[in-house]
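Working notes, beginning with the structure itself.
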Amino acid sequence: MNTDAVKLLQGRYCNSLTEYSRFVTREVTIGDVPMGGSNPIRIQSMTTTDTMDTIGTVEQSIRMINAGCEYVRITAPSIKEAQNLAEIKKQLRQRGYTAPLVADIHFTPNAAEVAARIVEKVRVNPGNYADKKKFDQIDYTDLEYQAELERIYQKFSPLVKICKEYGTAMRIGTNHGSLSDRIMSRYGDTPQGMVESAMEFMRMCETLNYYNLVISMKSSNPQVMVQAYRLLVETMVAEGMNYPLHLGVTEAGDGEDGRIKSAVGIGTLLEDGLGDTVRVSLTEEPEAEAPVAIALVERYTSRSEKLKVENQKLNNVVEEAQSSINPQHNPYEYKKRDTYEANAFIGGHMVPRVVIDLSKSNLKDPAMLNDAGYMYSPLLDKYNMAEQSVDFVYLANQLPSFTFPANLKQLYNYSTWQKLANKVNCHPVFSLKEYIDADDRSSALNLVRIKPADIDSEDFGLLPLNNTLVFVLETDALNGMSDQRSFFFKMEDLELNVPVIIKRDYLFESESLEVGKSESENLVTYNSQLTTNLQLFSATDLGALLVDGFGDGIWIDAPQLPANIITSTAFGILQATRSRISKTEYISCPSCGRTLFDLMETTQMIRSRTSHLKGLKIGIMGCIVNGPGEMADADYGYVGSGPGKVTLYRGKEAVKKNISSVNALDELIGIITEDGNWIEIE
Ligand code: SF4
């Protein structure tokens, strides 16, 4: 797409870049649970059982529905599984479960045509429905390309006609990892290629007057995924379409990584007002996914109404300020905002810095810095830095009684900083007014706390600007991310290149006791819920800005949670947005009925031996469906290729095919070692 076209389209993929507003899509019928329009954002997930295991699939579906899934997706790799969907559906209905079922199809149009007569929705992957993927680069002429589309139409139109006849919905689900050779040859491995891959199928559906469509643009890289969905909406609007969006990050992994990665991708788009259904893909039991999706979505339930009340309280100041914004920002490409380097430490080309508040910790105990990634050895009276060591600790007005590691900067409130005898590595934090009035600022680094609306204030114009200044951008608004984003737009308009640390505070509601559980069980559940909410909310709020290239540092404040959780959440967000790499990345699929090994066990096994390989990306796929494509984003891949068999990849190249799973991990380590990427654990 040329630059002029991008400029024309900017900001048109959503209703507003600076205030939450849900993008209204067309309502689609899926059994008796419609999607899109003014319907709630639906929750869904996918079974991991063998589809021929009827009872296992029924039982798992019930657990998923009870956990909050409104649709249940089941894989149908061939006709026999597609046929068995009838039995699964019958048993579910007999047991009183009416959630619509979705058949997941890759490669097999004949299975799709059977399934479309049975279930309420089919998912097809345009990358492999009638196309192939052998990583061939083919130069098509326009005529040849058109002939290929005609061939696909012949293969695809029977399914569309069946869906029309049976009232079955369809998801056209593009996957970054499985774009066809045809699309890759013309558009490359790009968000535009992903969009075009789906648009071709959508246009064919419209030619056949079939409109019961849902669209998705998944990738394991949240940045690519966000750009693809935005570009999809833009393209749909330009062609007069507004189909509902199914949001998801593929192969997000498990635990903290999986939750943070999912929230960066899905949460960013929800903030944009996009999304009609959410599936969080975790390498965990499928019933663990729905609560995560629900927590992500619930933040937007009635947000528009709540915002109206908030804006009225502020006498519409927010609304007026926001309507004047005309961003020069390209939401389809990552570009870090230009800032200067302050004190050769923050801003410019530096990785985003991490700040945590340790002012309430025991400042008499050097071991308290373990939570910040500085491991104290009492024997040697020395610190060892972990991979995730924070850059600044905020101590407010508290003074530690021990010496800090040399590379850890301390932040103090201005009045306390003034009184410090030794100011080496210690920097002041000012209010806006304090900074303007101060007569003894630091010659190295001055942090100024600021709220988004301050940029329109008279005081802002009085700010003495020099390369020691760094903003700490805070907000307590419901619309906090958009509020902070509008601040960045205004900074761009004013051509101000001051580095900005994005700060968000989280205070969660107090514990509600669950009947039938002991006090300690309730506490465990509560703490784990707090941790999950912190991961999801902060990854959404901060991740949404980082994927747009905003932010030179992040600061998460959550007084109810231990500092080590905050530290690891902050580094997890930076890793998921690929703005600062501090650990190995596992691109592991959630598993499904096609899976050829135990995903959870295998991921844990691979992690246990490779988690020290900082920066390496390892793909772990239960089957080849998304395999080679996703391998292009991973450095190495471990992919199920048959019962007890694994194929190992270096990038997208299969280097060891169908080897026994018994020694596949050793073989993988051998390849990593051959490449000079192996490091022995000290
Ligand atoms: S990659 Fe994983 S989730 Fe995807 S189809 Fe294969 S086994 Fe299923």
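The smallest convex shape that holds all Cα atoms of segment 552-682, its convex hull, gives 133 Å³ per residue. Counting only residues at least eight positions apart within a chain, or on another chain, the lysines with an alpha carbon under 26 Å from that of Lys617 are Lys132, Lys133, Lys134, Lys218, Lys261, Lys335, Lys336, Lys583, Lys645, Lys652, Lys656, Lys657.
Under the criterion of Cα pairs below 8 Å and six or more residues apart, the relative contact order for the chain equals 13 percent. Values of log10 I(q)/I(0) for the chain across q = 0.09 Å⁻¹ run -0.80, by the Debye formula with one identical scatterer at each alpha carbon and no solvent. In segment 532-579, the alpha-carbon atoms span a convex hull of 63 Å³ per residue.
What lysines sit close enough to Lys161 to cross-link, taking a C-alpha to C-alpha distance under 18 Å and skipping anything fewer than 8 places away on the same chain? Those lysines meeting the cut-off are Lys121.
Dipole orientation for segment 510-651: of the candidates Val639, Ile587, Val524, Val639 has the Cα lying most toward the positive pole (charges on Cβ; Lys, Arg +1; Asp, Glu -1).
Under 5 Å between amide hydrogens, built in the peptide plane, is the criterion, and for Val214 it picks out Met170, Arg171, Ile172 among residues at least 5 positions away or on other chains.
Placing unit charges on the Cβ atoms of the charged side chains and taking the dipole of the chain about its Cα centre, the candidate lying farthest along the positive direction among Asn466, Ser178, Leu208 is Leu208. Convex hull volume per residue, computed on the Cα atoms of segment 23-83, equals 109 Å³.
Taking label points 7 Å from Cα along the Cα-to-Cβ direction, Lys517 and Ala386 give a separation of 2.6 nm.
Once the 1.4 Å probe is applied to the protein heavy atoms, the chain comes out at 39 Å² accessible per residue. If you sort the three axes of the alpha carbon gyration tensor as a ≥ b ≥ c, you get a/c of 1.5 or more for segment 381-533 and a/b no higher than b/c, which makes it oblate. Considering only Leu432, Val390, Ala169, and ranking their Cα positions along the charge dipole of the chain that arises from unit charges at the beta-carbon of Lys, Arg, Asp and Glu, the one farthest toward the positive end is Ala169.
Within the accessible area of the chain, the carbon and sulfur atoms contribute 50%, probe 1.4 Å, all protein chains present. Shown here: segment 345-442, whose C-alpha atoms stretch 46, 33, 21 Å along the first, second and third principal axes, sorted largest to smallest.
Computed across segment 174-280, the Kirkwood radius stands at 14.0 Å (inverse of mean 1/r, all Cα pairs). In a DSSP loop and with at most 14 other Cβ atoms within 10 Å, the chymotrypsin sites (Phe, Trp or Tyr not before Pro) in segment 396-449 are Phe402. Partner lysines whose Cα lies under 24 Å from the Cα of Lys433, excluding those fewer than 8 positions away in the same chain, are identified as Lys409, Lys419, Lys423, Lys451, Lys490, Lys503.
Placing unit charges on the Cβ atoms only, positive for Lys and Arg and negative for Asp and Glu, gives the chain a dipole magnitude near 1020 debye about its Cα centre.
The values are calculated or read from the model by the stated rules, or taken from the named source; none is laboratory data. As the structure is a prediction and not an experimental result, all values here were calculated from the model. We place every Cβ from the backbone using ideal geometry, glycine too, and count neighbours over all the protein chains shown. Please note that ligands, DNA and RNA were not included when accessible areas were found on the heavy atoms of the full protein model with its side chains. Shrake-Rupley method; radii C 1.70, N 1.55, O 1.52, S 1.80 Å.
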